[in-house]
1. Would you give the gap between the C-alpha center of the stretch G:75-101 and the C-alpha center of the stretch F:150-205, rounded to a whole Å?
2. Note down the net charge around A:Gly65, summing +1 for each Lys or Arg and -1 for each Asp or Glu among other residues with Cβ under 14 Å from its Cβ.
3. What are the trypsin sites (Lys or Arg not before Pro) within the stretch F:47-112 that DSSP puts in a loop, where the Cβ has at most 11 other Cβ atoms within 10 Å?
4. When only DSSP loop residues count, what chymotrypsin sites (Phe, Trp or Tyr not before Pro) in the stretch H:179-260 have their Cβ near at most 16 other Cβ atoms within 10 Å?
5. What number, rounded to the nearest 500 deg cm²/dmol, is the helix-based mean residue ellipticity at 222 nm of chain H, given -39500 (n - 2.57) per DSSP H run of at least four residues and division by all its residues?
6. Find which of B:Asn37, B:Thr49, B:Gly64 sits farthest along the positive direction of the dipole of chain B, computed with +1 on the beta-carbon of Lys and Arg, -1 on that of Asp and Glu, about the Cα centre.
7. Roughly speaking, what is the centre-to-centre gap between the stretch B:15-63 and the stretch A:15-66 when only Cα atoms are used, to the nearest Å?
8. Any idea what the dipole of chain E comes to, in debye rounded to 20, about its Cα centre with Lys/Arg Cβ at +1 and Asp/Glu Cβ at -1?
Amino acid sequence: MTVTVNGKPMEVPEGFSVEDLLARLKVRREFTAVALNREVTQRARYAETRLSDGDRIEIVHPMGGG
Amino acid sequence: MTVTVNGKPMEVPEGFSVEDLLARLKVRREFTAVALNREVTQRARYAETRLSDGDRIEIVHPMGGG
Amino acid sequence: MTVTVNGKPMEVPEGFSVEDLLARLKVRREFTAVALNREVTQRARYAETRLSDGDRIEIVHPMGGG
Amino acid sequence: MTVTVNGKPMEVPEGFSVEDLLARLKVRREFTAVALNREVTQRARYAETRLSDGDRIEIVHPMGGG
Amino acid sequence: MYDTSLWLGGKEFKSRLIVGTGKYPSFENMREAIEASGAEIVTVAVRRVSLPGQGESLLDFVDPKKYTLLPNTAGCYTADEAVRTCYLAREAGLGTLVKLEVIGDSRTLFPDVLGLLEATRTLSREGFTVLPYTNDDPVMAKKLEDAGAAVVMPLGAPIGSGLGIRNPYNIKLILEAVTVPVIVDAGVGTASDAAIAMELGCDGVLMNTAIASAKDPVAMATAMRLAVEAGRLAFKAGRIGKKLYATASSPLEGVPEWTT
Amino acid sequence: MYDTSLWLGGKEFKSRLIVGTGKYPSFENMREAIEASGAEIVTVAVRRVSLPGQGESLLDFVDPKKYTLLPNTAGCYTADEAVRTCYLAREAGLGTLVKLEVIGDSRTLFPDVLGLLEATRTLSREGFTVLPYTNDDPVMAKKLEDAGAAVVMPLGAPIGSGLGIRNPYNIKLILEAVTVPVIVDAGVGTASDAAIAMELGCDGVLMNTAIASAKDPVAMATAMRLAVEAGRLAFKAGRIGKKLYATASSPLEGVPEWTT
Amino acid sequence: MYDTSLWLGGKEFKSRLIVGTGKYPSFENMREAIEASGAEIVTVAVRRVSLPGQGESLLDFVDPKKYTLLPNTAGCYTADEAVRTCYLAREAGLGTLVKLEVIGDSRTLFPDVLGLLEATRTLSREGFTVLPYTNDDPVMAKKLEDAGAAVVMPLGAPIGSGLGIRNPYNIKLILEAVTVPVIVDAGVGTASDAAIAMELGCDGVLMNTAIASAKDPVAMATAMRLAVEAGRLAFKAGRIGKKLYATASSPLEGVPEWTT
Amino acid sequence: MYDTSLWLGGKEFKSRLIVGTGKYPSFENMREAIEASGAEIVTVAVRRVSLPGQGESLLDFVDPKKYTLLPNTAGCYTADEAVRTCYLAREAGLGTLVKLEVIGDSRTLFPDVLGLLEATRTLSREGFTVLPYTNDDPVMAKKLEDAGAAVVMPLGAPIGSGLGIRNPYNIKLILEAVTVPVIVDAGVGTASDAAIAMELGCDGVLMNTAIASAKDPVAMATAMRLAVEAGRLAFKAGRIGKKLYATASSPLEGVPEWTT
């Protein structure tokens, strides 16, 4: 199925979780947060949170700003 | 009955109209407007608009301002 | 002999006067003044004022300025 | 005889010196200077410098200023 | 020399100066001062008549046939009060061109922009030509335009303060942010303040205290008229740039030499 | 309304604006701009005629019968040069009212006040009416008055810089230090600058570049005429004080109540 | 000498300077500059990670154990975006102290005060310590305080403009209008601007571009640290009044006389 | 980080702040304030001793071994008085580094630049290191340098006025006109004024009243020390330019999207 991660389409298998996604993308967990379809996903829920076709995922972290 | 005109209480007879009020108070009609209980009263309606006990009447006109 | 007029050398015959100079140079007289070797020459003296070799003459008039 | 010290008249004996004056007035010597009739008197000369009638002496030192 | 007309509510006005009618030593002095200012639009407040009625009225001295009246909502602290005051003004025959004030604080008399925005929306929907008195925030100015304001009137400084235009930068940003005319309202203290407002490119200036509370209101009114024209012309004429160094205005060539 | 005449060298002038004749796009444009400025006194430089002579002359466009000429000594770096230049001007029939410049530095065109003081002394002794262009130092202004200057003309900012009056405080101090008229010379960039000079209490303003180098000199000349009048009137009218807080211009009393 | 601590969200901070982390030539330079600034609070933006992940991270250079992070909502144009960004920041472990920005216009980056007010209300209800970036309108500042803002942060001038505090009068009015701390955010260009903010009585200054885009960010960061302390002390020390005239600092008495 | 030493009369000074000793509430308070200011050079007046002598002396509180004394000629209205005062100071053991004042007017305390120039010439010929207090005229500054001044000290505003640097443009022109150090003397009112002087590129600041007459001289002295360092560093660090528009300090890329 297809999900959108940080604005880019990505193919993922059925039942793929947020945890699986972060692992595949080698995302540093520290100071990182995830939103799934406009709602923030708690870290504790990464494993149990399964993605569905068309989901929009935002993965963010701090960057230089003022 | 008692009505409040520009913040001051005033005794008026039953069935007293806005027209009667303006007459009694010798109010210049030109560039003057009247509000009865928060609603503007059209000039055309002065005569037919009867006051009730407790009514609040505002009679205004232009004054110096910036 | 050689005189310097407004910074430029010029050959003039012996006994040449300021008057002769202005005439030769077709200088408008109105609002014009002449200095001969640092001293202002009065208009009335143009004719009688003879130039000598090496003399420095300044001929000036008003120009746009602020 | 009479001399003027810092603007005030003062009686002093004949042959009185600058040194004598400073002593009598208990002036602190440190960072102090003396002028006699408009001329600065060198410290080394205090003893030998005798005052004359009508002399004007200025005795100064540093004060708070900006 | 240049078109200097200001268009408001489909009407053309030759003067870009709008003046108030408050705080004058006398009605007579006010009449002369307004005359001297050349203003065609005159602001008035809407207040309770003193009872019993009769007595001199402001409009005995400001002929409504000669001047366009601009009733204001001074003293209103909510959108509701301001809107109702405009209805009263209209019913009183003062027209539908209104100077909208929704005051947020009695100390600074700064606007409450939330109430201002709401009242602007309501009144323009009701067919009023709304001139809102606002702060000098360009984003808020744009919101007012979008809400239907016919003009935006940023303050130059607090009402009656005479501090002039405290922040010309913001006025410039407002001029770029909106397409409706921009009129500086409040803060002008003297003639040069009015000229500066116009030199920035504003379409007009509104003032009351600077004239009415001057030692000689009539003379100051004349000064303001001249200053607004001067500022407008200077804006159109295209001023010289600013330079740190000097540039001679007289020719460098042709200076006589006095060799010794 | 108020006497707005300026007296110089025993002559009365209705206009308090003095303009230059340099740097205009054309003589014709200059003629129109001077006309529009309302100026009665016009500064000119004294320069070598181009040889052979003939050709258009400045004074074909500035009628000496109509305008009082004010020859300047621009380009002179010593008292001697400046004095001799004034002698030439007088002999040329340009009169004895002179704008005295003794320049100290070509980058800033600031005056050399020592030479200026010397030349002022010499020329006033010789019967000239001397208008010295000086810095904005009140002590120097007083020295110039004592040396016979008929007027003192402090700079507002460097010549041609358009920076306006950089230091109004010093201009105020000069106004208190001297009894002769004070004319701000140099630095004006736009109309409000001229108004500010007059609001400070100055007796006049002298400018050239601000008008001649504007995109539209004629329009700017008009703006300057209006601004000088506006500033003068505002000064006479007595402006309101400056306050940090607001003061309502509409009555606080009599606001209708909309009890809900 | 004076308590110079700033209390935010129940935490004490010795430094009154808050600095950003954007636009530095390098992370290393940023680290040194922040160190030099003495700041204890550091703003960060919340942005998408670049995918695939890994690579250097900002926080490898700004130790969160050493500095209090202040995530901002820069780039958010609605209350909704801003609120969700704060939720993300909290979940990312950046805490609940947030610099709230709801931008109204990309050209001026002025706030959209309506959205700002709404987001402030929501977030403070949600337990965030909200530091809203707002305009310099005292009425709006009060509304933000009433909506639960822990601090109000008026702009001195547009973000990154370096224009300094364009309107000190409004900052003063804000200081009188609210009881929460006032921090000037945006506009500072150089050290004296920061000092001026503190001299007005502000509780702190927040800046990024002035340091990060200076030729030498580390030196400028030091300058800013010193300037904020200087300004704060000067405010506490009670400056002398301003006078038009001079007052001698040396005694008028006791000057020696040199009668000739 | 940067060399911040000031060289005067062949001596190196780490501090760029010179302070006076007049007008303090007490000698003890003065001592502490000077200490706090970090100044190494301290100005003193030369006045008649009170007779009979003895009693506390200024120098019991300002250790001449620790501080370099800078006797001034305050109160002198002629070159002759000023020169003789310097001779007295030298004979009194106060050294040959002198702050030269030749006052032109008691109201403004502006210098009499003619007398100043003459005295500068005489004293530098006599081996003094002359620091003349002058106006902000760049041409005069150059003349003083040519006359042997070791430094030029233009006023920022009248002595004791606290008006700050009225005309930064002239200070800039002076910095370009001379090669000797430029120290702003007089006018500073608060810390930011001192920072501004240094940011302009000045080599130092001299002040008395701003510290001595502050409510808390010791705190203000500290503020001035910090402000002078801040201003110097900011000057060296290279400030950002000024822009009318905003530039975001946070990245425009990577903002999360919240499609609804």
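Read the figures in this text as sums done on the coordinates, not as results from a lab. This structure is a prediction, so every number in the text was calculated from the model and none was measured. Every residue, glycine among them, receives a Cβ derived from its backbone with ideal geometry; neighbour counts consider all protein chains shown.
1. 54 Å
2. +1
3. Values: sites: F:Arg47, F:Arg48, F:Lys65, F:Lys66, F:Arg84, F:Arg90, F:Lys99, F:Arg107; in loops: F:Lys65, F:Lys66, F:Arg107.
Passing sites in the stretch F:47-112 are F:Lys65, F:Lys66.
4. Numbers: sites: H:Phe235, H:Tyr245, H:Trp258; in loops: H:Tyr245, H:Trp258.
Sparse-neighbourhood loop chymotrypsin sites (Phe, Trp or Tyr not before Pro): H:Tyr245.
5. Rounded to the nearest 500, the figure is -10500 deg cm²/dmol.
6. Value computed over the given set: B:Gly64.
7. 67 Å
8. So the dipole magnitude of chain E works out to roughly 80 debye.
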